[in-house]
Amino acid sequence: MEVANARNPATKRKFDDAVGNGVATDVDLSLLEAIEKSQNAVEVLDLRTLKKHVLSFERRLKENIEARLKYPNQPDRFADSEVELHDELQKLKVLAGAPELYPDLVSLNVVPSIVDLLNHDNTDIAIDVVQLLQDLTDEDVLDDNDDSARVLVDALVDNSALELLVQNLHRLNDSDPDENAAVYGTLATVENLIEVKPAVAELVCEKTKLLKWLLGKIKVREFDSNKQYASEILAILLQSSTVNQKKLGQMNGVDVVLQAVAMYKSKDPKSSDEEEMLENLFDCLCCLLMPLENKERFVKAEGVELMIIIMKQKKLAYGSAIRALDFAMTKYPPACERFVDVLGLKTAFAAFMGKIPLSKKNKKERYQEDMEERLVSLIASLFGGILRGSRRERLLSKFVENECEKIDRLMELYIRYSDRVRAETERLNQVEFDDLEMDEDEIYNRKLESGLYTLQLIAVILGHIWCSEHPQMRGRIELLLKQNKLSKKHIKDILQEYHDNIGDLDGPEEKERAQTKIQKFIMAL
């Protein structure tokens, strides 16, 4: 089992892409000419221009503050100053064309004034600020301007931009088109900030109620672009932060995400965007299932049962349900026991035997291989989590039924992955021969990527089966090894390499326990 898929920033979409673009068919050519002329007369962006924009903005801001203080109950008396302030915020967007000036923007001490406007009584002004921040932090703008980007992002974080962005998010109404776009813009800005400064992922969850807002958003039954984006941001916040995973677990997050995916247990998403959202939700679930306490919450919330139902329905979420079960059962015996108790073995082994439902989307060979690897991991977890009793007998009996067909399948996979790893090892040896230096860790990681990890898990499963001392199963394994011109030594060598590379991520005691178990298999073979 590996860490849940990282999000790909290259797939980030603009709000217009998400809600659909309307294209005008009747174009006024004179208007286009005027625009072209105005573009030719664009002012040069330099420090002098920056200072001019900042001074003009601060003047309009001061006038608006004074007008509101002087005529608090007469909106018509401060409306003009608000329009002028809006215009100045629009003009500041031009700075996105010169990110190298961001350090100067910060040194002019205008960032606090801009950020504070997220609190403005007029929601339209706050929306202007959201749009401005989104433009200034856009990944296309910040590309190749890392240092300038960090200066701006640090200033935004230091001036409570995260708190005010999320606070403003709570007052935006999705039914209003402009406010709906501002919700999307807020989420895009948060994503942009995380891109520049990954620590923002934990800061925004620590300092704001963004997690609560995101959970509320994915609870909604109706699908829209902001629900999709909320699921994506939630996955980003969870993917590399144990702190966030645990925090969301404490907020009943496991149950909420399960409810969100349960909407698709017997139906498929209606569009590619909705499919992407469902994938995001499963990414969230798999990230949540990394801390032990969340695995417990998953079992209590009947997550195991839900994943089995999804598998039985054979809808689009089939593969994602297997992935979630893999995460839930890794190093957590209670989930393995529940899986056997609710008759999950029949469903899992049907998939293991190759009865995987295929659609146009997942017909690719890589999808089938990914499912195979997940199922091998899941079965290895079952053997590791169920060590004795009737459940263990039920698990072992699966490999005896139908003339040991599951062992035939296991050995088929063992030979295939063994061939693949051998080919990669030969290629790496040739690379070394060609004087391209690689250290042992890099070589081992390359072999893992080529299928060594799955091969090791298959060898572990074979070790469990061999240690059961069942003569029929042992005989079948030896027969199939002989037919492929292999011996038990081949399995022992794979297990030895696995033994020697077990890390101490879970502590020295867990490492010693795992190595002792593998050594037992080697001795038995």
Q. Going through segment 100-116 one residue at a time, which ones are farther than 20 Å from Asp138 by Cα and either open to solvent by less than 40 Å² (accessible area, probe 1.4 Å) or over 32 Å from the mean Cα position of the chain (by Cα) (or both)?
A. Ser107, Leu108, Asn109, Ser113
Q.
List pairs: first residue in segment 500-525 and in a helix (DSSP H, G or I), second residue of a type in the set (Gly, Ala, Ser) anywhere in the structure, Cβ distance under 6 angstrom, at least six positions apart or on different chains.
A. Phe521/Gly463
Q. Failed condition for Glu372, given (1) on the phi < 0 side of the Ramachandran plot; (2) of a type in the set (D, E, K, R); (3) open to solvent by 30 Å² or more (accessible area, probe 1.4 Å); (4) at pLDDT below 95, with all others met?
A. (3)
Q. Is at least one residue of segment 454-462 in a helix (DSSP H, G or I), open to solvent by 50 Å² or more (accessible area, probe 1.4 Å) and under 19 Å from Ala380 (Cβ atoms)?
A. no
Q: For segment 76-97, name all the residues that are over 17 Å from Ala126 (Cα atoms) and open to solvent by 70 Å² or more (accessible area, probe 1.4 Å).
A: Asp76, Arg77
Q: Scan (1) in contact with a Ser or Thr (Cβ under 8 Å, 6 or more places away or on another chain); (2) open to solvent by less than 70 Å² (accessible area, probe 1.4 Å); (3) assigned to a loop (DSSP other than H, G, I, E, B) for the single condition Lys331 breaks and write down its number.
A: (2)
Q. Which of the residues belonging to segment 169-194 are polar (S, T, N, Q) and within 26 Å of the chain's Cα centre (by Cα)?
A. Asn180, Thr186, Thr189, Asn192
Q) Within segment 226-234, is there a residue that is open to solvent by 20 Å² or more (accessible area, probe 1.4 Å) and at pLDDT 95 or above? A) no
Q.
With free of Cβ contacts under 8 Å to residues at least 60 places away in the same chain and over 22 Å from Ala235 (Cα atoms) as the only criterion, which of Phe352, Phe298 stands out?
A. Phe352
Q) Quick one: how many residues across segment 201-220 are under 17 Å from Tyr184 (Cα atoms), touching a residue at least 12 places away in the same chain (Cβ under 8 Å) and not in a helix (DSSP H, G or I)? A) 1
Q: Considering only segment 184-200, state which residues are without any contact (Cβ under 8 Å) to a residue 60 or more places away in the chain and assigned to a helix (DSSP H, G or I).
A: Thr186, Leu187, Thr189, Val190, Asn192, Leu193, Ile194, Val196, Val200
Q. For Asp135, all conditions in the list (1) out of contact with any Lys or Arg (no Cβ under 9 Å at 6 or more places or on another chain); (2) modelled with pLDDT of 95 or more; (3) crowded, with 17+ Cβ neighbours inside 10 Å; (4) not aliphatic (A, V, I, L, M) hold save one; what is the number of the exception?
A. (1)
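Matching residues to (1) outside any helix (DSSP H, G or I); (2) among the charged types (D, E, K, R):
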| residue | (1), (2) |
| --- | --- |
| Tyr102 | no, no |
| Val106 | no, no |
| Ile114 | no, no |
| Asp121 | yes, yes |
| Leu132 | no, no |
| Asp140 | no, yes |
| Ala182 | no, no |
Q. Scanning for something open to solvent by 10 Å² or more (accessible area, probe 1.4 Å), part of a loop (DSSP other than H, G, I, E, B), closer than 14 Å to Leu258 by Cβ and not aliphatic (A, V, I, L, M), does segment 301-323 turn up at least one residue?
A. yes
Q) Considering segment 260-275 alone, what residues qualify as being surrounded by fewer than 16 Cβ atoms within 10 Å (Cβ to Cβ) and not hydrophobic (A, V, I, L, M, F, W, C)? A) Ser266, Lys267, Asp268, Lys270, Ser271, Ser272
Q) In segment 66-86, how many residues are over 43 Å from the mean Cα position of the chain (by Cα), at pLDDT 90 or above and aliphatic (A, V, I, L, M)? A) 2
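The values are calculated or read from the model by the stated rules, or taken from the named source; none is laboratory data. On a predicted model such as this, the values are computed, not experimentally measured, just so you know. Methodologically, a virtual Cβ is constructed for each residue, glycine included, from the backbone with ideal geometry; neighbour enumeration extends over all protein chains shown. Surface areas here come from the heavy atoms of the whole protein model, side chains and all, with no ligands, DNA or RNA. Shrake-Rupley method; radii C 1.70, N 1.55, O 1.52, S 1.80 Å.
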